[in-house]
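Engineer: There's a structure below that I have some questions on.
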Amino acid sequence: MNISKLKEVIEDQPKFRFKQIEQAIFRDFVSSWAEVTTLPANLRAILDEECSLEIKVEEFKSDDGSVKILLELEDGLKIESVMLSHRDGRHTICVSSQVGCPLGCLFCATGQNGYKRNLTRDEIVEQVLYFSRQLKAKNEQVSNIVFMGMGEPLLNYDNVIAAIRLMNSPEGMGLGARRFSISTAGIPKGIRQLAREGLEVNLALSLHAPTNELRGQLMPISKSYTLAQVMKSLEDYVSATNRRIMFEYMTIRGINDEPIHAKQLVKLLTGWLGFVNLINYNETDLFLPSTAERMTSFKSILEKGGLKVVQRYSFGKSIDAACGQLAGKKKKKD
Ligand code: SF4
């Protein structure tokens with residue numbers, strides 16, 4: 001899909017044309033200009049030529065109903081997005097913000113495959129449009145959008161915020177700001193900027209370790225920004241917005257899932273406005289997931305310590321739904 005030239009193409013058209021086009025793309029979720037019969041045929045032909053609505057994807061369906069796509073961008077690079085469908089009928093779309101990621105977290109396939117470039121606003125929105133089109137056919141719609149796919153969203157700050165503003169606006173998809181969640185590995189400048197944005201989106205920290213030392217072994221970003229610096233920026237965020245933080249903690253067997261780590265986590269997070277999202281790791285060549293028993297005892301230590309904990313079901317194991325696992329595999333094969 002490429003709608004970057006849209007304004008230029010319809011420059012000489014009456015103003016209401018732009019509204020018709022926005023309606024067609026973001027509300028009716030059309031897949032081709034031929035469907036937009038409110039537009040004159042000659043304009044549809046030009047749009048077809050200059051602003052393709054085609055979204056090129058390879059789709060992978062998991063046994064549990066989640067769907068992962070490998071989306072091909074205009075320059076041929078590929079990104080991943082996932083739709084997680086919940087039993088209560090909600091659909092969460094996990095989007096990428098960059099092609100690859102510069103942060104190189106050891107447990108993450110994306111991080112291991114390097115960084116290519118930031119996604120544009122439209123490339124971020126395109127991922128949500130793809131699933132919205134699919135859902136529309138079933139009379140359903142996207143419920144939530146989480147920036148937990150490939151890339152560090154706060155390192156592509158302007159485009160991520162522009163994409164959220166477009167999807168949030170009445171002219172765009174009209175999705176409430178609280179339906180969006182940004183997950184960051186911890187970029188203090190971006191966290192403080194987000195606090196001033198005036199957008200009521202949710203913020204998650206990919207914590208994954210209770211101490212700076214262990215975090216440094218898993219997430220090289222901790223060498224640039226210590227855990228203490230990241231927590232300070234979150235403190236500023238909470239005081240400015242009064243919004244709670246989701247602390248994501250992915251348990252990896254024998255690395256960060258020992259009782260001592262749970263106790264350290266209680267110490268770190270006591271008194272915070274927020275909760276822990278406990279996720280089990282999707283196996284890779286380097287690490288293994290925690291055992292079910294270990295997850296249970298880890299969670300129980302956190303709860304006994306007074307922390308609020310939710311345990312996320314690990315979606316999409318059969319399609320490598322953890323970030324970057326699929327793009328990584330395809331790259332190796334190509
Ligand atoms: S976990 Fe997130 S921040 Fe870390 S390398 Fe992967 S995509 Fe980047």
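Any read-out appearing in this document is the output of simple, stated calculations on the displayed coordinates, not a laboratory observation. Because the structure is a prediction, the values reported are computed rather than measured. Virtual Cβ from ideal backbone geometry, glycine too; neighbours counted across all protein chains shown.
Engineer: Counting pairs of alpha carbon atoms under 8 Å apart in space and at least six apart in sequence, what relative contact order in percent does the chain give?
Structural biologist: 15
Engineer: Let me ask another. When you count, for each residue, the other Cβ atoms within 10 Å and take the mean per peptide, how do 48-60, 96-108, 265-277, 70-82 rank with the highest first?
Structural biologist: Top to bottom by mean Cβ count within 10 Å: 96-108, 70-82, 265-277, 48-60.
Engineer: Right, here's the next one. Rounded, prolate or oblate: which fits segment 1-54, taking a ≥ b ≥ c as square roots of the Cα gyration tensor eigenvalues, rounded meaning a/c under 1.5, else prolate when a/b beats b/c?
Structural biologist: Rounded, since a/c falls under 1.5.
Engineer: While we're here: So what are the three principal axis dimensions of the chain from its Cα atoms, in whole Å, longest to shortest?
Structural biologist: Its Cα atoms span 68, 45, 37 Å along the three principal axes.
Engineer: Contact order normalised by length for segment 1-54, with contacts defined as Cα pairs under 8 Å and 6 or more residues apart; what percent is it?
Structural biologist: 55
Engineer: Run through the DSSP bridge list for segment 73-204 and note the antiparallel percent, rounded to the nearest 5.
Structural biologist: Working: 7 of 16 bridges.
DSSP beta bridges in segment 73-204 are roughly 45 percent antiparallel.
Engineer: Less than 18 Å from a label point 7 Å out along the Cα-to-Cβ axis of S297: which backbone N atoms in segment 246-273 qualify, by residue?
Structural biologist: 251-266
Engineer: Further question on the same structure: Which Cα, out of T211, T184, F287, lies furthest along the positive dipole direction of segment 55-333 (beta carbon charges, K/R +1, D/E -1)?
Structural biologist: T211
Engineer: Pull up all non-local amide H partners of N202: gap of 5 or more, or a different chain, and H-to-H distance under 5 Å with H placed in the peptide plane.
Structural biologist: Placed amide hydrogens put F180, S181, I182 under 5 Å from N202.
Engineer: Take segment 93-206, drop everything but the C-alpha atoms, weight them equally and run the Debye formula without solvent; then report log10 I(q)/I(0) at 0.18 Å⁻¹ to two decimals.
Structural biologist: Each listed q maps to, in turn, -0.89.
Engineer: Moving on. Using a Förster distance of 45 angstrom, determine the FRET efficiency expected from the C-beta separation of A34 and I260, and round it to 0.05.
Structural biologist: According to the calculation, E is roughly 0.15.
Engineer: Turning to a different aspect of this structure: Would you mind calculating the gained length between D285 and D158 on full extension (0.36 nm times residue separation, minus the Cα-Cα distance), in nm to one decimal?
Structural biologist: Result for the pair: 42.3 nm of gain on full extension.
Engineer: Counting only the backbone N, which residues of segment 7-34 are under 17 Å from the spot 7 Å out from the Cα of E171 toward its beta-carbon?
Structural biologist: Residues 7-28 qualify, since their backbone N sits under 17 Å from the label point.
Engineer: Compute the distance in nm between two label points, each set 7 Å from the Cα along the Cα-to-Cβ direction, one at A240 and one at E59.
Structural biologist: It is 4.0 nm.
Engineer: Grab the DSSP H runs of the chain that are 4 residues or longer, score each as -39,500 (n - 2.57), total them, divide by all residues and round the 222 nm result to the nearest 500 deg cm²/dmol.
Structural biologist: Details: 13 runs with 120 residues, N = 334.
Computed mean residue ellipticity for the chain: -10000 deg cm²/dmol.
Engineer: Something else now. Hey, with R₀ at 35 Å, roughly what FRET efficiency would F18 and H86 work out to, going by the Cβ-Cβ distance, to 0.05?
Structural biologist: FRET efficiency, F18 to H86: 0.50.
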